[in-house]
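The values are calculated or read from the model by the stated rules, or taken from the named source; none is laboratory data. Since we're looking at a predicted model, the values are computed, not measured. Every residue, glycine among them, receives a Cβ derived from its backbone with ideal geometry; neighbour counts consider all protein chains shown.
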């Protein structure tokens, strides 16, 4: 008799969506640990603001591929750290412009090397060719 190590849940545990969620949890937890408590979403916002410059909430949400509610939570957490500031737009007083603070710029520089290390550690289980294939498959899933 073959022993079922998954308690009858092997079908669930082999489903792609379930595996993606577990991989995301594992990657997020590792990233959080390596970057001293920064989440992947917070890092993404820092990266985008560093790369693209100041912008409003809507554009940050678009670049992060999250909704406006999630981007507000991310921005509030970065404000608490002192990494991001919000100012009223000169063009439209209803809009707030997000900008990296000097502290945010320094934090980004410190976190960037750790983020790369986290990525390298996560991908260390795969060959370079497998990483390329994995990226191709994931892009196929997320790109419409």
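Across segment 1-57, the number of residues qualifying as part of a loop (DSSP other than H, G, I, E, B), surrounded by 12 or more Cβ atoms within 10 Å (Cβ to Cβ) and in contact with a strand residue (DSSP E or B) (Cβ under 9 Å, 6 or more places away or on another chain) comes to 1.
With respect to residue 86, is the statement that it is free of Cβ contacts under 8 Å to residues at least 60 places away in the same chain and either surrounded by fewer than 12 Cβ atoms within 10 Å (Cβ to Cβ) or within 17 Å of the chain's Cα centre (by Cα) (or both) true? No; evaluated as a whole, the condition is false for this residue. Residue pairs whose Cβ atoms lie under 6 Å apart, sitting 6 or more positions apart in sequence or on different chains, and linking a residue in segment 101-130 that is on the phi > 0 side of the Ramachandran plot and without any contact (Cβ under 8 Å) to a residue 40 or more places away in the chain to a partner that is assigned to a loop (DSSP other than H, G, I, E, B) and surrounded by fewer than 15 Cβ atoms within 10 Å (Cβ to Cβ), do not occur here. Can you say whether residue 97 is more than 24 Å from residue 134 (Cα to Cα) and in contact with a helix residue (DSSP H, G or I) (Cβ under 6 Å, 6 or more places away or on another chain), as far as the supplied structure shows? It is false that residue 97 is more than 24 Å from residue 134 (Cα to Cα) and in contact with a helix residue (DSSP H, G or I) (Cβ under 6 Å, 6 or more places away or on another chain). Among the residues examined, residue 129 qualifies as outside any strand (DSSP E or B), modelled with pLDDT of 95 or more and loosely packed, with under 11 Cβ neighbours inside 10 Å.
Against the list (1) in a helix (DSSP H, G or I); (2) surrounded by 12 or more Cβ atoms within 10 Å (Cβ to Cβ); (3) without any contact (Cβ under 8 Å) to a residue 40 or more places away in the chain, the condition residue 66 fails is (1).
Kindly evaluate residue 75 against the criterion of being under 26 Å from residue 27 (Cβ atoms), in contact (Cβ under 8 Å) with a residue 12 or more places away in the chain and part of a loop (DSSP other than H, G, I, E, B). In short, no.
Among the residues of segment 86-102, is any in a helix (DSSP H, G or I) and either at pLDDT 95 or above or closer than 16 Å to residue 37 by Cα (or both)? Yes, segment 86-102 has at least one match.
Would you mind stating whether residue 18 is under 30 Å from residue 140 (Cβ atoms), in contact (Cβ under 8 Å) with a residue 24 or more places away in the chain and in contact with a helix residue (DSSP H, G or I) (Cβ under 7 Å, 6 or more places away or on another chain)? So residue 18 does not fit the description; no. For the criterion of being modelled with pLDDT of 95 or more, surrounded by 12 or more Cβ atoms within 10 Å (Cβ to Cβ), on the phi < 0 side of the Ramachandran plot and in contact with a strand residue (DSSP E or B) (Cβ under 8 Å, 6 or more places away or on another chain), residue 74 fails. Could you list, in sequence order, the residues of segment 96-122 that are surrounded by 15 or more Cβ atoms within 10 Å (Cβ to Cβ) and more than 18 Å from residue 45 (Cα to Cα)? Across segment 96-122, the qualifying residue is only 122.
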